[in-house]
1. Can you tell me which residue among Phe165, Phe194 is of a type in the set (Phe, Trp, Tyr), surrounded by 17 or more Cβ atoms within 10 Å (Cβ to Cβ) and in a helix (DSSP H, G or I)?
2. Of these, Asn290, Asn258, which one is free of Cβ contacts under 8 Å to residues at least 24 places away in the same chain and at positive phi?
3. When region 42-94 is examined, which residues are found to be over 25 Å from Met1 (Cα atoms), touching a Cys at 6+ places or on another chain (Cβ under 9 Å) and open to solvent by less than 20 Å² (accessible area, probe 1.4 Å)?
4. Would you be able to tell me the number of residues in region 240-284 that are surrounded by fewer than 24 Cβ atoms within 10 Å (Cβ to Cβ), among the acidic types (Asp, Glu) and farther than 21 Å from Glu642 by Cα?
5. Restricting attention to region 312-331, which residues are among the charged types (D, E, K, R) and under 17 Å from Gly538 (Cα atoms)?
6. Would you point out the residue of region 412-444, among those that are among the β-branched types (Val, Ile, Thr) and touching a residue at least 60 places away in the same chain (Cβ under 8 Å), that is farthest from Pro388 (Cα to Cα)?
7. Go through (1) farther than 30 Å from Asp204 by Cβ; (2) touching a residue at least 24 places away in the same chain (Cβ under 8 Å); (3) surrounded by fewer than 19 Cβ atoms within 10 Å (Cβ to Cβ) for Pro295 and report which single condition fails.
Amino acid sequence: MARKLIIDGKEIEAEDNLTLLQACEQAGAEIPRFCYHERLSVAGNCRMCLVEWVGAPKPQASCALQVKDIFPNKDGTPAKINTKSPYVKKAREGVMEFLLINHPLDCPICDQGGECDLQDQAMAYGRAAFYRFDENKRAVEDKYMGPLIKTIMTRCIQCTRCVRFATEVAGVPDLGATGRGEDMEITTYLEKAFSSELSGNIVDLCPVGALTSKPYAFNARPWELRKTESVDVMDAQGCNIRVDARGPEVLRVLPRVNEDVNEEWISDKARHACDGLRTQRLDKPYLRKNGKLEPVSWAEAFAAIAAKAKATRPQAMAAIVGDLAAAEEIKALKDLMTSLGVANLECRQDGAKLGGPRPSYLFNSGIAGVDAADALLLIGANPRWEAPVLNARIRKTWLGGALKIAGFGVTRDQTYPVENLGNDLSALSKIADGSHAFAQVLKDAKRPMVIVGPGVVARPDGAAILNLVAKIAGDTGMIGPAGSVAEGGWIGFNVLHTAASRVAALDLGFVPGQGGRDMAGILDGASKGEIEFVYLLGADEFDTAKLGKAVVVYQGTHGDAGAHRADVILPAAAYTEKEGLYANFEGRMQRARRATFPPGEAKEDWAILRALSDVLGQRLPYDDLTSLRAAIVRQVPHFAQEGLAAAHKGADPAVWNAIGLSGQVDTSCPLASSIKDFYMTNPIARASKTLAECSRIFSDPAHKMAAE
């Protein structure tokens, strides 16, 4: 229901459920605020959003007043709201005076300077002519909140945004307030670290300099930084980010708003892995001579690769794509290997039993589709570590009251209650035949969904599990008509990935060709001497000792596991140092943009492969990024739909019957998460000093026991 209001002389219609603040902004008014945030509950603490309701005895806090509470005038005319009158200005100036009573005058040394809400509003509503407070200013002791958050709590204005975020979004109620009035302080309970994978977001939320980024402290001012819009690759969700760089260094990563992907949150790994871009970097080609890696020229490295490749049968060659590769280099490597006759291609380092129809390896509901779900079955998935921002979205839906959640092998606190169905799959067949109680919950739900974790599809019986889950999806109404949720469509079958490159690589067909070996086959063949040449494109997440005596070419960014095993190293550009296309786990194509240039002699991955193809005598048919992307679109047309998740095919039986392989599920084998340490999942993260400290504090059992 809509109601008419006259705001600053302009008549508008606003929905009853909107706050007066939102209605005023719809009318074009700018309302200052410190405590109010669109994604958090209303606190009404700061009173900075005061407006004049003509006829009311005092100014009104517009964040805490809903449109339905604004009744018409006695003569039936719409209520009048003023946001710019002298009365309003005086009220806001009074609020600002109170806020600044105890606030320290340390703007010159505050990390928030230049992007501080309090600083901005003080310019508009501060009274510089006189100062009426003669008492001593209060001082508050700084609090310990872990390795990521620096606190200067004397600056705190008790807006409680951080407390509400921790409780409502992160689901980790570690923050709270003690004391009352002037003695009120925001603190962590028992002075412990704020143990959430989303903790860095409270720095963005803080409207003053009370909470700032500890790793970024005193590094730069915001006006010194080049700002580049990009995409995060620390997990497969593809959170939208802004990369801030100065000179050759990335100094910080911040979230960008994308309602369909990450709203405005990012994980701590996405935010703080950037210092890993500077350390342990490969900046020149290396060639192993007499058992020792020595720096060489590009020509010498290419010549060594060509000599070995030409002396090796295609059947004895293999290529493996890592977790951070963009679509461009995947396409270039596939074309190069195919031209050499190599069929041993693999993008599933973990051995995942994925492939076949596109819906069989996608998060088909879409990230935003989680908002509409009313029943959820987790199978070996731990979203809190595998996709923390998705986990926050699941929690938001659960808080709405409609979502019932159960899970197999959910071994960690997911920040919402999960009915534990066991740590193995012994009850999965009961859900399949309808004899389990949760099977009825799924059938009764309007929009049921299932999330299959990456650790499940990597099991030896992963294909059989996928086949059984697809059957459950079909029997419980998860496979509905095509189209978006808004259009009435619904697909509740979802596979969760952790590798940013996985969906694009599967789309491009970087899987074993006719007679080719999969990951297990490549490693088995290498250990037996049947695979003699292996090309690793940033692949580090497997046991490289199993490569045996094969000649290994490693093209990547860091001196990680693949580089230690390599016979030839080709230095490449990290995700912030190149243009690249990435498909997230829902199949949404997004573009990462270059923020800095790669160090030393390192080059963009696709350019390395293009130059190598000349030396191998199999010249790739594209000389620039535009023609390479055109080739990608010719092979996979939906890559042209940047920013959009490709439409699924609805309840087409041919698609869903082809998921996985029928077989025996090992019901006795316990389910395990694919991630053992949230902070150490890729070469960039492992090179980060900041994330190493997080790992020590939050993931090391010995440290946890000592802390307790």
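1. Phe165
2. So the residue among Asn290, Asn258 that is free of Cβ contacts under 8 Å to residues at least 24 places away in the same chain and at positive phi is Asn290.
3. Residues satisfying the conditions are Cys46, Met48, Arg92.
4. 4
5. Passing the criteria: Asp323, Glu328, Glu329, Lys331.
6. Val441
7. Result: Pro295 passes all but (2).
Per-residue answers, yes or no, for (1) touching a helix residue (DSSP H, G or I) at 6+ places or on another chain (Cβ under 8 Å); (2) more than 20 Å from His37 (Cβ to Cβ); (3) not in a loop (DSSP other than H, G, I, E, B):
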residue: Ala177; (1), (2), (3): yes, no, yes
residue: Ser199; (1), (2), (3): yes, no, no
residue: Gly209; (1), (2), (3): yes, no, no
residue: Pro215; (1), (2), (3): yes, yes, no
residue: Asp235; (1), (2), (3): yes, yes, no
residue: Ala245; (1), (2), (3): yes, yes, yes
residue: Leu251; (1), (2), (3): yes, yes, yes
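The values are calculated or read from the model by the stated rules, or taken from the named source; none is laboratory data. Here the structure is a predicted model, which is why all the values come from computation and not from measurement. Counting neighbours? That spans all protein chains shown, and the Cβs are built from the backbone with ideal geometry, glycine included. Keep in mind that these areas ignore ligands, DNA and RNA; they rest on the heavy atoms of the full protein, side chains included. Shrake-Rupley method; radii C 1.70, N 1.55, O 1.52, S 1.80 Å.
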